[in-house]
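Engineer: There's a structure below that I have some questions on.
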Amino acid sequence: MNDEALLYFSGWKQHISVYPVPTGDETLTTALAPYLSGKSTLKFPLNKPIPYDVISRLTQAFVTSRTTNNPTNQRSNQPAASE
């Protein structure tokens, strides 16, 4: 988003990982708790249904934080860097 990664994901033999984990939304934190692995990684096992609704909420939380809480990441008015 705005030339920066919003979040990362990786596929493994038995799970999909998504990171980092956002902070500040207690309802979202509760929904993410069963998938938390380590400090800031989520693991979604492939032998269980993927919780797309939770992943959508996670993504929306990042989009919201980037567009409303951190004006330094809002680069829409800046010209693109030349190569």
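The values are calculated or read from the model by the stated rules, or taken from the named source; none is laboratory data. Small disclaimer: the values here were computed from a predicted structure and weren't measured. Cβ coordinates were reconstructed from backbone atoms using ideal geometry, including for glycine residues, and neighbour counts include every protein chain displayed.
Engineer: Name the single residue that is surrounded by the fewest Cβ atoms within 10 Å (Cβ to Cβ) among those in region 15-66 being of a type in the set (S, T, N, Q) and in contact (Cβ under 8 Å) with a residue 24 or more places away in the chain.
Structural biologist: N47
Engineer: Give just the number: which of (1) modelled with pLDDT of 85 or more; (2) of a type outside the set (V, I, T); (3) surrounded by 12 or more Cβ atoms within 10 Å (Cβ to Cβ) does R75 not satisfy?
Structural biologist: If we test R75 against (1) modelled with pLDDT of 85 or more; (2) of a type outside the set (V, I, T); (3) surrounded by 12 or more Cβ atoms within 10 Å (Cβ to Cβ), just (1) comes out false.
Engineer: Can you name the residue in region 16-38 that is under 21 Å from K48 (Cα atoms) and touching a Ser or Thr at 6+ places or on another chain (Cβ under 6 Å) and, of all such residues, is modelled with the highest pLDDT?
Structural biologist: S17
Engineer: Could you check R66 against (1) modelled with pLDDT under 90; (2) in a loop (DSSP other than H, G, I, E, B); (3) not polar (S, T, N, Q) and say which number it fails?
Structural biologist: Condition not satisfied by R66: (2).
Engineer: Does P49 qualify as being at pLDDT 90 or above and in a loop (DSSP other than H, G, I, E, B)?
Structural biologist: Yes: the conditions hold for P49.
Engineer: Further, regarding this structure: Of all residues in region 26-37, how many are within 13 Å of the chain's Cα centre (by Cα) and not in a helix (DSSP H, G or I)?
Structural biologist: Going through region 26-37 one residue at a time, the tally reaches 1.
Engineer: Follow-up question, since we're still on this one. Would you check which residues across region 1-47 are touching a Pro at 6+ places or on another chain (Cβ under 9 Å), polar (S, T, N, Q) and closer than 13 Å to R57 by Cβ and list them?
Structural biologist: Correct list: T29 only.
Engineer: Within region 1-14, restricting attention to residues that are assigned to a loop (DSSP other than H, G, I, E, B) and at pLDDT 90 or above, which residue is surrounded by the most Cβ atoms within 10 Å (Cβ to Cβ)?
Structural biologist: W12
Engineer: May I ask you to verify whether S10 is touching a Ser or Thr at 6+ places or on another chain (Cβ under 6 Å), of a type in the set (G, A, S) and in contact (Cβ under 8 Å) with a residue 24 or more places away in the chain?
Structural biologist: So S10 fails the test.
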